[in-house]
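**Student:** Before I ask anything, here is the structure I am working with.
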Amino acid sequence: MDSRAFDDSSMDSTNDEIVEGIFEEVRPSAESAQLETRLVIAPQTSLAQAGNRIGCAYCFRTSNPNDPNEMLRDSVLVNEVVYHRKCWNSLLQPTGQAIDFVPPVPEPLRVVTLVGAPLYTGPINSMNDTPLGISESLLVLNSSIQSNFIVRNNSTNLVQLDRRNMPLWAFVRYTSSGHSDGHLLTLQPSQEAVIEVYPHFVRPDLVDEPIVLSETQSLMLESRALPVIPIATLIGVYTLFLWHLSTVFNLGVQYYFVTRNFLPYGGLLAMPIITCFLLLSVLMILAPGQVLWGIYSVLHRINQTAAERLLGQFEAMTLWTLESGTVEQAQTRLHSPLSLILIGITAAGTIVVWLALLLISSAFVGISGLIFLAEAGALLFVIYRVGREYGFDLLMAVQSVVRLSSRAVATIGANRS
């Protein structure tokens with residue numbers, strides 16, 4: 001191994017030169033070099049590939065006969081390697097013969113000018129956007145008061161908006177009923193429409209929900225509220241579910257005896273129905289608009305078949321309820337006729353579902369526990385979806401608890417060892 005030490009302490013630091021530098025040049029022995037496959041580039045090729053910008057092998061600056069610094073204008077060529085004469089003379093142990101070398105005048109470096117993107121302080125989506133313009137890109141819902149925004153069709157084609165694509169804690173109504181057909185708002189070219197958004201009195205805190213208006217346009221709804229209210233609501237819902245799960249489990253374990261003697265187990269049979277009703281009632285009250293739109297969508301699909309004469313009136317009644325202004329009242333307060341109607345629908349639906357479950361379980365007593373647990377699983381899935389709308393992801397929370405528990409166990413085991 002050969003080594004060469006370089007000292008540049010004699011160079012003037014005011015010329016922005018390297019003050020001190022110690023380098024080692026490692027050369028493999030001839031024996032090891034024969035055992036390796038190496039790519040060797042001839043010195044002449046290196047100079048040719050460098051073009052008209054040749055750097056000094058010591059200070060790495062470009063060798064330029066017209067350098068602004070007079071001390072760096074002279075260059076030498078040593079063993080096919082270019083040095084500034086000043087750099088070569090500063091070497092402590094120079095080896096080789098220095099030959100005067102006049103490098104080509106380097107071409108000036110290309111100047112690249114970067115222009116920053118402009119900053120927008122207003123809405124990202126404006127009324128002049130194509131194909132759909134909106135007056136606001138962000139609606140902050142920090143109270144139960146309605147918020148409005150304007151939509152304009154800037155394209156030459158028809159545009160349809162579906163008012164069902166809303167979060168659970170917001171309800172939309174179109175004021176321009178002239179071009180509204182049920183859940184769809186149809187805009188002709190150059191037409192405008194005012195859209196009203198009604199927040200729920202129980203809404204999440206700091207949760208953003210994008211509302212897609214077209215392929216390139218969207219509206220962002222940002223819910224703000226006291227975090228105590230949604231947290232307390234979610235805790236209450238999951239507590240109710242745990243209560244319901246315990247009653248379902250007890251019923252599944254003892255359902256064989258219930259089928260043999262009904263009277264002593266009347267309370268055991270009634271508790272799952274009551275807890276299921278309470279859970280569904282809370283979910284109904286949290287999303288009256290989405291519940292009605294779900295009922296309307298089911299009736300609308302059924303009425304596309306031969307059952308239109310049977311359920312056509314129910315579909316029209318549901319749509320009238322959505323347009324009558326009662327949903328807006330149910331969004332802003334608990335006590336309203338629509339809330340009581342939804343609770344009545346929940347009671348009837350709960351009884352029908354549980355009667356069907358009991359009949360099926362009576363036919364398959366051996367797997368009655370699994371049937372009841374399937375009902376609890378379906379309820380948990382609905383609660384999970386509602387929790388995500390309110391900014392709480394149950395799966396992520398469980399994963400976080402598992403990770404923290406694993407770390408705690410690992411830490412305790414490491415401390416004991």
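**Student:** Between V115 and T175, with labels modelled 7 Å along Cα→Cβ, what's the label distance in nm to one decimal, could you check?
**Tutor:** Output for this residue pair reads 4.0 nm.
**Student:** Work from the charge dipole of the stretch 228-406 (Cβ charges, +1 for Lys and Arg, -1 for Asp and Glu, about the Cα centre) and give the residue of L357, A316, F249 farthest towards its positive end.
**Tutor:** Ranked along the dipole, the leading option is F249.
**Student:** Suppose R0 equals 45 Å. What FRET efficiency, 1/(1 + (r/R0)^6) with r the Cβ-Cβ distance, do I412 and L263 give to the nearest 0.05?
**Tutor:** Here the calculated transfer efficiency is 0.30.
**Student:** Measuring from a point 7 Å past the Cα of E196 along Cα-to-C-beta, which residues in the stretch 136-168 have an amide N at less than 11 Å?
**Tutor:** 146-148
**Student:** On to the next question. In whole Hz, with x marking every Gly and Pro, tabulate ³J(HN,Hα) for the stretch 363-378 from phi via Karplus 6.51 cos²θ - 1.76 cosθ + 1.60, θ = phi - 60°.
**Tutor:** Values, residue by residue: 6, 10, 4, x, 10, 4, x, 5, 5, 5, 5, 5, 5, 5, x, 5 Hz.
**Student:** Suppose R0 equals 45 Å. What FRET efficiency, 1/(1 + (r/R0)^6) with r the Cβ-Cβ distance, do A363 and S144 give to the nearest 0.05?
**Tutor:** My answer for the efficiency is 0.40.
**Student:** Could you give the dipole magnitude of the stretch 228-406 about its Cα centre, charging the beta-carbon of Lys and Arg +1 and that of Asp and Glu -1, in debye to the nearest 20?
**Tutor:** 320 debye
**Student:** Say each of A347 and N79 gets a label point 7 Å from the Cα, pointing the same way as Cα to Cβ; how far apart are those two points in nm?
**Tutor:** Calculated label separation equals 10.0 nm.
**Student:** Hey, got a sec? Which trypsin sites (Lys or Arg not before Pro) in the stretch 298-359 land in a DSSP loop and have at most 15 other Cβ atoms within 10 Å?
**Tutor:** Here the trypsin sites (Lys or Arg not before Pro) that fit, given the DSSP loop and packing criteria, are R333.
**Student:** Based on Cβ point charges of +1 for Lys and Arg and -1 for Asp and Glu, what charge dipole magnitude is obtained for the stretch 126-192 about its Cα centre, in debye rounded to the nearest 20?
**Tutor:** 140 debye
**Student:** Rank L278, V258, H200 by how far each Cα sits towards the positive end of the charge dipole of the stretch 150-308 (+1 on Lys, Arg Cβ; -1 on Asp, Glu Cβ) and give me just the farthest.
**Tutor:** Most positive-ward Cα: V258.
**Student:** Would you mind computing, in nm to one decimal, how far apart the modelled labels at V298 and S405 are, each placed 7 Å from Cα along Cα→Cβ?
**Tutor:** About 3.6 nm, to one decimal.
Just so you know, all these numbers are worked out from the coordinates, no wet-lab data involved. Remember, predicted model here, so these are calculated numbers, not experimental data. All Cβ positions, glycine included, derive from the backbone under ideal geometry; neighbour counts span all protein chains shown.
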